[in-house]
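All remarks here apply to the structure that follows.
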Amino acid sequence: MASRSRQTLRGRRKPRWEVWAKSPTGWYVVTMVERFECYDEDTANLNRRCLAWENVCLFKAKDPDAAYRKALKWGGMETSECVDSKGRKGKWKFVGIREILPMYDEFQDGAEVLWIKHANKTVRSVEAMVCTKEELAIFSRGIE
């Protein structure tokens, strides 16, 4: 029994991600979440309303763990003081990472950067996901 324990301690198991998630390009798509926090907010109230963004960023890294560490470091960088639309002062606060996906294609027109699996959907709901050109934010209301 002692030799079995030593073997387990000595033998390193491969991280689970190595099987499918290592990017052949060395690029990872990381979805990072941040929110604006006013200085005068009741920070104990988790039901308060806030402005939040999901930012999809690219990180060059040797593996998913390195991409994760880089994204955490990037997200933890200090932001300067800002004023919201109501004139209240505050700062953007990094909340965390929502997703990390490997980029399999080299950068070029049509390269797949991000994907989301939608299982067990009706054809109607899948077709409803698509927008006309006029409905796309970049052509209709801009990116706010």
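Each reported figure results from applying straightforward, stated rules to the coordinates on display, with no laboratory input. Because the structure is a prediction, the values reported are computed rather than measured. Every residue, glycine as well, gets a Cβ built from its backbone with ideal geometry; the counts of neighbours run over all protein chains shown.
Per-structure values
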quantity: Dipole magnitude of the stretch 17-110 about its Cα centre (Cβ charges: Lys, Arg +1; Asp, Glu -1), debye to nearest 20; calculated: 280 debye
quantity: FRET E, pair residue 140, residue 85, Förster distance 22 Å, beta-carbon r, rounded to 0.05; calculated: 0.65
quantity: Distant-in-sequence amide H partners of residue 99 (H built 1.01 Å from N, under 5 Å); calculated: 31
quantity: Zone of residue 22's modelled label, taken as backbone nitrogen in the stretch 47-62 under 15 Å from a point 7 Å along Cα→Cβ; calculated: 61-62
quantity: Added length on full extension, which subtracts the Cα-Cα distance from 0.36 nm per residue, residue 99 to residue 41; calculated: 18.1 nm
